[in-house]
Amino acid sequence: MNRHLWIAGILWVVFTALALAGAALMNPFPTVGAEEAEFSDHAFRMMTYMGAPVFGFVMAALLYSVLRFRSGGGGEDGPPIRGVGAVPRVWLLTTTTLAVVVMIYPGLTGLAELRSDRTHDLEVNVTGFRWAWVVQYPEGFASQELVLPVDQRVKFNVTAPAGDVLHSFWVPAFRLKIDAVPGQITNLYITPNELGDGATDAAYRVQCAELCGLYHARMQMPVRVVTAEEYEAWVAEKAGK
Amino acid sequence: MAILVGLVLAVVGFVTGTGILGGIRTSMGLEYWSTDMSWSVGYPVALIGWLIGVGGWKYWAVEWFGGKAATPPKGVKRYFEWNMDHKVIGIQYGVTFVVLFLLSGLTAMLIRFELMNSGMQLFTEDQYNSAMSFHGIGMVAVAVAIMLGAFGNYIVPLQIGARDMAFPRVNALSYWLVPPVAIMLIIALLIGGWDTGWTAYPPLSVLTKSGQVLFNLAVITFGLVSILGGINFIATIIYERAPGMTWGRLPIFVWGAFAGSLIAFFFTQGFAAGLLMILLDRVVGTSFFHAAEGGSPILYEHVFWFYSHPAVYVMVLPAFGAVLEVLAHMSRKPLYAYRWVVGALLGIVAISGVVWAHHMFTSGMEDYLHAPFLVLTEMISIPTGIIFLSAIGTIWAGRLWMRTPMLFALAFIFNFTVGGLTGIYLADVPTDIHLHDTYFVVAHFHYTIMGGEIFALFAALYYWFPKMTGRQFNETLGKIHFWIMFIGFQLVFIPMFQVGVKGMNRRVADYPEAYEDFNRFISWSGFLLGISFIFFAANMVLSWVRGERAVANPWGASTLEWQVSSPPPEHNFEGQPVIQGGAYEYGVPNAPAHARMGTAAVTEHV
Ligand code: HEM
Ligand SMILES: [Cu+2]
Ligand SMILES: [Cu+2]
């Protein structure tokens, strides 16, 4: 009995190590284009690290049992272990601790961080309607391309016309989304910190992420993050027209 | 025959209902026909015609008017009309939902064909949305009802030593409401489909095509199926247990069915109410969800998820029960931590009602709701962890008999681990705000619903097949089905996590070229997964028609359903069974047998 536990325990360590190594090496993410994206990817990685030992545990127990405890179904009974006493209690304590840890970090701490900074350098209004996006800049012009200056904190006021349907404003490179609700204004704060261009990178697109009917899939708008000078030139050109 | 009469009466009812409405409308100077309103009025009348026709009158309602109910026929014929035997109803549910499962699966194949390349190949955008929506609601219906409908009905009364369900008539009624659901969804496709998925979010569902009205009517009917079934299981399990069947001796599948039924009974109204409000907005002109007239679209999301999150536990709690049942009997060990599992099942029932808004972290609801729903959602992992403890504790050091049902039950543990762990990313607000409504979510819920519940369903199906049909299935075909399905499943849904994180959102008919490689791989894997069901279907048909005759207890299991013949006699037990010990006393020295059959000799066939 003890030998089984030892071998399965070693398997657990091996599987956990493999899962951790995999998680450390993997890069499943799209282009990182904003501070918020770094933050989200970090939380994603943390949860993967925390999940690795859990995954490793189940896999070790499962695989070891399947390989080691087979029978031909002769009707012989296994040992009558009932699972009363210390084991379930320790299990409950462990899983509860794990759950509480994940709740707090990266959960609640992350949430607090996400909401902490409500200042902004630039404010734009985004409207989603079936099936396109339009951005209103403070200089008074509208654009069907989202152009943002790098390293500036932007506040988005997102909405949809009162007679329209739900949409959702999402830029994969920024990792944030918020629904465009008819007759209501929702907000998002984003600080792009890398240059990027939707023409070459699919992560730089505003994509509607709430089913809105016929052309939902096509409800996109290119995103470009540019230097401050380029941005000013672009605004001047747009506002001049 | 009865089905034909039902269909004719349904058509008569529909024509009458829409005719009366048309008469009123014409007299008011309106057009005779209004698709939304005519269907809303014609359908309930048609439904009554259908129920009368399939036998609701002959076998039941006639008694209300002093008549005498007919006696049901024997043989194959009884499966095709109103019947109150829980064993007949179990098979009716099982076959109907397997057919709906294969149909919705076929739709998934078409979807994958469309998504194989960037750009449109097979469908228009509009057709894609309809196909996706049909696949979604079809599979949700299967997932909610097949476990309880087929195995709950057939097995629960046998396991608790009852002669039938508590309310056999209500049971027949709830089954016969199912075909109209499927028929309405198919008609909805034929008149142009609908494009709101299975979730029917307004304002889109208020503004879109008339197929939506049929969807709403169908799904409200389906809600009724679920509620009536729920009441019946609750009453049966409370009142119909054999002498000696204390709560602490109930087989775990019965506990799973009980917990799932509690949720179905308490929460389904929410969904039905939401859909009814959409109908009212469309047909009568109310403005529950019309922002322009003071309504709130977010209101619907709350109402909808208030049911639809618990609904995933209607799917999965009976599945937990079935898997643990198979694991214990096929490892020949007592179910590990039985009492803890019961506590966990009831704990999940309680928590499931207060986590719904985790589907709404990006909806624009009030910010202060985020933290509590994050915390409550992650609390669900605690009772779920106990289910894992029991599964692992049960197989540990057991005598694992690796037959087809056992393979599916073990695969459930693997799949649900992946599904459960990826759920944490979605409960965590900072990551969910990116992942919500992407293919990451699609992969997650397929791991829990398909990898979890549907794998459990196949474990249950193969496990109880000999009992229900009296025939043994073909083990080789069963194993081929398992391995192709298991491997195909991983190959389809693992890459979906990845492509979702990369930025592919869900419910899209088309996507940027950057995601093409992933999608091509997923589609080919999808076809592989699809092929596994050919082996399944072949096995079912061949084995049922000419499989070897099954013995009473092919698995040597201890619970009551295996102590009677396969299939069981008409009234389940010849004598009154008496329960004298736990359900899983494998290897316990001098343990009394779980059950003793009453005085009248009980058939031990073959
Ligand atoms: C045969 C293998 C299957 C494949 C290849 C498959 C594939 C898909 C795809 C591509 C979508 C569309 C995703 C989207 O754009 O949102 C989808 C949606 C969905 N599937 Fe499946 N699926 C399969 C089986 C199942 C099963 C067995 C279930 C449940 C029991 C299920 C339940 C759903 C649900 C609920 C949706 C969501 C529809 C909506 O968003 O309204 N699927 N599936
Ligand atoms: Cu959209
Ligand atoms: Cu949920």
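The values are calculated or read from the model by the stated rules, or taken from the named source; none is laboratory data. From a predicted model like this one, the values you see are computed outputs, not experimental measurements. A quick note on method: Cβ atoms are made from the backbone with ideal geometry, for glycine too, and the neighbour counts reach across all protein chains shown.
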A:Ala199 vs. criteria free of Cβ contacts under 8 Å to residues at least 40 places away in the same chain, away from ligand 1 (no atom under 16 Å from the Cβ), over 17 Å from A:Leu114 (Cα atoms) and facing another protein chain (nearest Cβ under 7 Å): no
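With a cut-off of at least 1 residues that are within 16 Å of ligand 2 (Cβ to nearest atom), name the helices (runs of 4 or more DSSP H) lying wholly within segment B:406-517.
Answer list for segment B:406-517: B:439-445.
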For segment B:13-56: of the residues being over 31 Å from the mean Cα position of the chain (by Cα) and of a type in the set (Val, Ile, Thr), which is nearest to B:Asn216 (Cα to Cα)? B:Thr18
Considering only residues that are closer than 22 Å to B:Ala264 by Cα, within 14 Å of chain A (Cβ to nearest Cβ) and away from ligand 3 (no atom under 16 Å from the Cβ), which ones fall in segment B:297-324? B:Leu299, B:Val323, B:Leu324
Residue hits (segment B:320-358; within 16 Å of ligand 1 (Cβ to nearest atom) and closer than 24 Å to A:Thr96 by Cβ) are B:Phe320, B:Val323
Since B:Gly587 meets every condition but one in (1) away from ligand 1 (no atom under 16 Å from the Cβ); (2) farther than 18 Å from B:Val326 by Cα; (3) crowded, with 16+ Cβ neighbours inside 10 Å, which condition does it not meet? (2)
Are any of the residues in segment B:325-335 surrounded by fewer than 20 Cβ atoms within 10 Å (Cβ to Cβ), more than 14 Å from chain A (Cβ to nearest Cβ) and away from ligand 2 (no atom under 16 Å from the Cβ)? no
So for segment A:188-196 (the condition being more than 27 Å from B:Val441 (Cβ to Cβ), among the aliphatic types (A, V, I, L, M) and either within 16 Å of ligand 3 (Cβ to nearest atom) or touching a residue at least 24 places away in the same chain (Cβ under 8 Å) (or both)), does at least one residue qualify? yes
Give the residues of segment A:201-219 that are near ligand 2 (Cβ under 10 Å from one of its atoms) and either surrounded by fewer than 19 Cβ atoms within 10 Å (Cβ to Cβ) or hydrophobic (A, V, I, L, M, F, W, C) (or both), sorted by residue number. A:Cys208, A:Ala209, A:Leu211, A:Cys212, A:Leu214, A:Tyr215, A:Ala217, A:Arg218, A:Met219
Take segment B:344-366 and flag every residue that is over 26 Å from B:Leu389 (Cα atoms) and either within 16 Å of ligand 2 (Cβ to nearest atom) or without any contact (Cβ under 8 Å) to a residue 40 or more places away in the chain (or both). B:Thr362, B:Ser363, B:Gly364, B:Glu366
State which residue is farthest from A:Ala99 (Cα to Cα) when the search covers only segment B:394-430 and only residues that are within 7 Å of another protein chain (Cβ to nearest Cβ) and hydroxyl-bearing (Ser, Thr, Tyr). B:Thr417
Going by what's in this entry, would B:Gly105 be described as under 27 Å from B:Phe573 (Cα atoms), under 27 Å from the mean Cα position of the chain (by Cα) and in a helix (DSSP H, G or I)? no
Are any of the residues in segment A:115-133 in contact with a His (Cβ under 9 Å, 6 or more places away or on another chain) and more than 16 Å from ligand 2 (Cβ to nearest atom)? yes
Hey, B:Ser523 among the polar types (S, T, N, Q) and part of a helix (DSSP H, G or I) or not: yes
Residue, nearest to ligand 1 (Cβ to nearest atom), within segment A:166-196, restricted to residues that are within 10 Å of chain B (Cβ to nearest Cβ) and of a type in the set (S, T, N, Q): A:Ser168
From B:Tyr128, B:Tyr201, residue being out of contact with any strand residue (DSSP E or B) (no Cβ under 7 Å at 6 or more places or on another chain), within 14 Å of chain A (Cβ to nearest Cβ) and within 16 Å of ligand 3 (Cβ to nearest atom): B:Tyr201
Taking the conditions exactly as written (in contact with a Gly (Cβ under 9 Å, 6 or more places away or on another chain) and either in the same structural domain as B:Ala311 (by TED's automatic domain parsing) or more than 16 Å from ligand 2 (Cβ to nearest atom) (or both)), does B:Ala397 satisfy them or not? yes
Starting from segment B:28-42, keep only residues that are assigned to a loop (DSSP other than H, G, I, E, B), then list their pairs with residues that are surrounded by fewer than 17 Cβ atoms within 10 Å (Cβ to Cβ) whose Cβ atoms are within a distance under 6 Å, requiring at least 6 positions of separation or different chains. B:Tyr32/B:Thr26
Give me the pairs: first residue in segment B:519-541 and more than 29 Å from B:Met468 (Cβ to Cβ), second residue loosely packed, with under 15 Cβ neighbours inside 10 Å, beta-carbon distance under 6 Å, and six or more apart or on different chains, which are they? none
Just one of A:Ala228, A:Ala239, A:Ala209 is in contact (Cβ under 8 Å) with a residue 12 or more places away in the chain, under 18 Å from A:Val134 (Cα atoms) and either more than 9 Å from chain B (Cβ to nearest Cβ) or in contact with a Cys (Cβ under 8 Å, 6 or more places away or on another chain) (or both); which is it? A:Ala239
Residue, farthest from B:Ala514 (Cα to Cα), within segment A:159-180, restricted to residues that are away from ligand 2 (no atom under 13 Å from the Cβ) and crowded, with 20+ Cβ neighbours inside 10 Å: A:Thr159
